[in-house]
1. Measuring label to label, 7 Å along Cα→Cβ, what does B:Lys232 give against each other copy in nm, shortest first?
2. Taking square-rooted eigenvalues a ≥ b ≥ c of the alpha carbon gyration tensor, is the range A:191-287 rounded, prolate or oblate, where a/c under 1.5 means rounded and, failing that, a/b exceeding b/c means prolate?
3. Given the pairs A:Lys91/A:Lys277; A:Lys249/A:Lys307; A:Lys249/A:Lys335; B:Lys183/B:Lys267; B:Lys244/B:Lys327, which span a C-alpha to C-alpha distance of over 18 angstrom in this model?
4. With a probe of 1.4 Å, find how much accessible area the range A:140-251 has per residue, and write the answer as a whole number in Å².
5. Please calculate the 1.4 Å probe accessible area of A:Ser347, with all protein chains present, and give it to the nearest 10 Å².
6. Could you point to the residue in A:Ala400, A:Leu223, A:Gly317 farthest towards the positive end of the range A:100-412's charge dipole, with +1 and -1 charges on the Cβ of Lys/Arg and Asp/Glu respectively?
7. Suppose every K and R has +1 on its Cβ and every D and E has -1 on its Cβ; what is the size of the dipole of the range B:100-412 about the Cα centre, in Debye to the nearest 20?
8. If you plug each phi of the range B:323-337 into the Karplus form 6.51 cos²θ - 1.76 cosθ + 1.60 with θ = phi - 60°, what whole-Hz ³J(HN,Hα) values come out, in order, with x for Gly and Pro?
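The values are calculated or read from the model by the stated rules, or taken from the named source; none is laboratory data. Small disclaimer: the values here were computed from a predicted structure and weren't measured. Cβ sites come from the backbone with ideal geometry, for glycine too, and all protein chains shown count toward neighbours. To get the accessible areas, we keep the full protein, side chains included, count just its heavy atoms, and leave off ligands, DNA and RNA. Shrake-Rupley method; radii C 1.70, N 1.55, O 1.52, S 1.80 Å.
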2 protein chains.
Amino acid sequence: MSPLSSSLLNPRLSFSLKPLFLFSQSSFAPRKFQIPRQFVSAKRKTFSALASEQSSATDNGGRSGGGGRSGALSPSPVVEEVQRIDVNPPKGTRDFPPEDMRLRTWLFNHFREVSRLFGFEEVDYPVLESEVLFIRKAGEEIRDQLYCFEDRGNRRVALRPELTPSLARLVIQKGKSLSLPLKWFAIGQCWRYERMTRGRRREHYQWNMDILGLPEVTAEAELISSIVAFFKRIGITESDVGFKVSSRKVLQEVLRCYSVPENLFGKVCIIIDKIEKIPIDEIKRELNATGLSEEAIEELLQVLSIKSLTKLEEILGGAGEAVAELKELFSLAEKFGYSEWIQFDASVVRGLAYYTGIVFEGFDRQGKLRAICGGGRYDRLLSTFGGDDVPACGFGFGDAVIVEVCEASIEGHQ
Amino acid sequence: MSPLSSSLLNPRLSFSLKPLFLFSQSSFAPRKFQIPRQFVSAKRKTFSALASEQSSATDNGGRSGGGGRSGALSPSPVVEEVQRIDVNPPKGTRDFPPEDMRLRTWLFNHFREVSRLFGFEEVDYPVLESEVLFIRKAGEEIRDQLYCFEDRGNRRVALRPELTPSLARLVIQKGKSLSLPLKWFAIGQCWRYERMTRGRRREHYQWNMDILGLPEVTAEAELISSIVAFFKRIGITESDVGFKVSSRKVLQEVLRCYSVPENLFGKVCIIIDKIEKIPIDEIKRELNATGLSEEAIEELLQVLSIKSLTKLEEILGGAGEAVAELKELFSLAEKFGYSEWIQFDASVVRGLAYYTGIVFEGFDRQGKLRAICGGGRYDRLLSTFGGDDVPACGFGFGDAVIVEVCEASIEGHQ
C-alpha cells in the first residue's frame, strides 16, 4: 500500500491508549505509482524554497564572536534567561517533521528494497571520519567544501562528504576476511559546506551501491540496472530520465597520445568536469597550467564533444579498452532491456578524482536539473590509502534531485 | 520471518546478475524471539571490546599538529604518497559492516514498528544543531561532553547529544499549525565526547517517543506501555528487566518544606542523579554549596531511599501532586497489564535538567548494566527556549545497553 495513504496524510493521528494498528510503510509489494500531487506541492516549498528562506532567517545564527578552538564552549550563551532561540535548523540543514519524514521513509524504503532485490547487503560508516580520508590532491570541489574541524582530542575530523572513502577504509580493514565479489549498499547523510546559492543544501542523504572484486563491465551494467529498477518502481520512465555514459579511459588514451604523465590524469579529469560550469577559456587555461600542449587540449575538447560510440571508435580505433568496454556495456544494456535509457556522451567524466574507467550519470531529459546520480569504476582507490587494489565500481544517488524529477514528471503529465 | 535467517547470515550473498529476491527484514508480523546465540557471540566482541581495542589502535589518529581554526584545512595530509591510512573509524565511533548492520536494522525495525503500533509519527532533526540548544546551566554531564565546534561561517554548532531540544525547537517553530496532542518518534544518532573508559562510545543511536499536549499521567503510562511492548516483541520479560519510577515533584515537595528557591531545583536534581556514581560526602558537599541546609539534605537523602509508595504517602501526606500522580500511574499500569514491570524508587531523578514530573528508567534485574532507557515529563522545556509551554513527556532508548540485555538474557537461559 502507499505510504501516502489517507491515514498517514491526516495531520494528526487520533490519540488513543489502545495501540493503533498501522500497516508498515515498508511492506514489500512492488508499487507502481508516483508521488501524489497534493503531496508534491506541499513538498515543493520545503525542498526548493528552503535555501532562500533560511538564508535570511538564520543569517544571524553565528552569534558567538569568539574565534576560539573548536571543542571549547563559547562564552556562555544563556538560554535560561528566556531569550527566544532561533527556531530554524542551522543554515543548510533540515528538520524532518512528519510530512517530510514520510517522503524520506518512502524514498529510503525504495532504495533499500531495490538494493536487496539485487542482492546487496546494507552497511554504514561513521558520519564523522578522519579528515585525511577525504583530502586528495586533484583539486576536487569536494575538498574545499569539507565540513572539517578539530575535536577535543586534537584530531582533524570531518563530517563525511561522500561514502566511498569510508567503504575503501573498511574494506582494507577487513582484508582477507571478506569474500569477493562483495555487493554493499548504504544510505547515509553527507555534508558539504557550500555557499548557499542555487538552492543547494549543506547536507543530503545519499544512496550508494558498490560492487568490489569484479573487473568485468557486468558490474557497471548491474549498477545501472538497479537504478533503472528504482526509477521504474516510482513511476519514472525513460522519457523522463536517462544515463549518459563514457569512460575515463577515453581521456587516458588521448592523453597517452600526447605523452601526458599518468599522475596528471585525475587533475585533468577534475578540470574537464567543470566544462559546463565555467567559461571554456578558463578550462583551457587550467589545462594548459597542468602542462598540456595547446594541440593536446584541442584534441581533448574535440573528443569530448563526441556523442556516438561509432564516431569514437573511428577516432580512437577499435583496439583500446575504452571502446571495447563501452561496447560491452551497451551490449549488456540491450540484453538487460534498458538500452533505451542509456546513451554515450564523451563529455561525462564526473567530479571525483578516483574514477578510472566507465563513468555514468543520470540526467533529466528536460535538461533543467543537476545530475540525479553518478558513478563509475574506481579500481585504484584502495592503493591511495595504502591497501591492495581491488576492482571496484559504485554510484551515489542523492535524495534531493530525484524529488524534483518526480515533481517535473507529474507536471509533464498534467 | 527472522532478519537473522540463514540467507542473511551467509557471509556472502551469491552474486548474480539476476536480482535475488530477499524477503524484507521489515515484514510486519509480530516476532517473538531473541537474538540467536551465534549472532550474539559475534556481536559481543564488537560491542563490548570495541572501546578498548580502539583506544590503542587509534590513539595515533590525531596526527595533524596544527591547532588551527576549525574549517581550515590541516597542513596537507598527503594520501597520494601511499602512506597506509588508519583503517579504524575515529575513536569512539563505529563502522557497520553487514553483520552489524543486520542487528541495527533488526533493532530499528522493532523501534519503528512498536512506535507505529502506538500511533506515533516518525520525525528527525539535523545531526548538527546550534550549540545554544544544548547549553543549560544546571551542571549536567551532557554539557561538558558536547561535540561542539565553530563552522566556516563562525557559527557555534554541536553534534546533537540528545533529540529532545531539537523536538522543542521544531514544535516552537511549527507553533499553532500543530494539532495537539502530538505523538512523535525518532531514531537518531547522538554524540557525546566522553573519556573512553567503561567501554562507552562517543556516538550511539537513540530511539525517542514523545507525547506533547497531554498533561495527564496517561501519557507516561502509554510511553512505558510502548517500551514494554518492545521488550515483549524481542523476547525480554519482566524477569529480565523492570522500570524504576519516581517523580521530581517528590523532591520539589521536600525542597518546598525547607523554602529552597525554585530556580535551584534543576541543579539539585543533577547533583542527586550522581548519587551512585560519586561518594555520598561529595554529594552532600555539592548540595550544601547550592545553599541547602544540612537538615534539608538529610531529609532529602532520607526520602530518596524510599522504595514504597505507601511509605512515601506516610511521609509527604496524600494531598500533594507527587503521590497522586504516582498512584495514578501504578493504577494505569495495572489496567494496561504491565504492573509486574514497574516499581516505585524515590532515588530515580534522571540526569537531564528539564524534567518536571514523573521520571522513569529501565533497568536490568541483575543490576549489572547502566540504565537501558530513561524518560519523564518535561512540561517547562519550551519556555526555556522562549516558546509557550506545552505539557510534554518522552523517553530516550539507546542502541547499546539493550544488546547487552539480550546477551545476558540468553546466558541466563543456558
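1. List, nearest first: 4.3 nm.
2. Judged from the Cα gyration tensor, the range A:191-287 comes out oblate (a/c at least 1.5, b/c at or above a/b).
3. Over 18 Å Cα-Cα: A:Lys91/A:Lys277; A:Lys249/A:Lys335; B:Lys183/B:Lys267.
4. Accessible area per residue: 26 Å².
5. Approximately 50 Å² of A:Ser347 is accessible to the 1.4 Å probe.
6. Of the options given, the answer is A:Ala400.
7. Roughly 860 debye, rounded to the nearest 20.
8. Each residue's phi maps through the Karplus curve to give 5, 4, 5, 5, 4, 4, 4, 5, 5, 5, 4, 4, 5, 6, x Hz.
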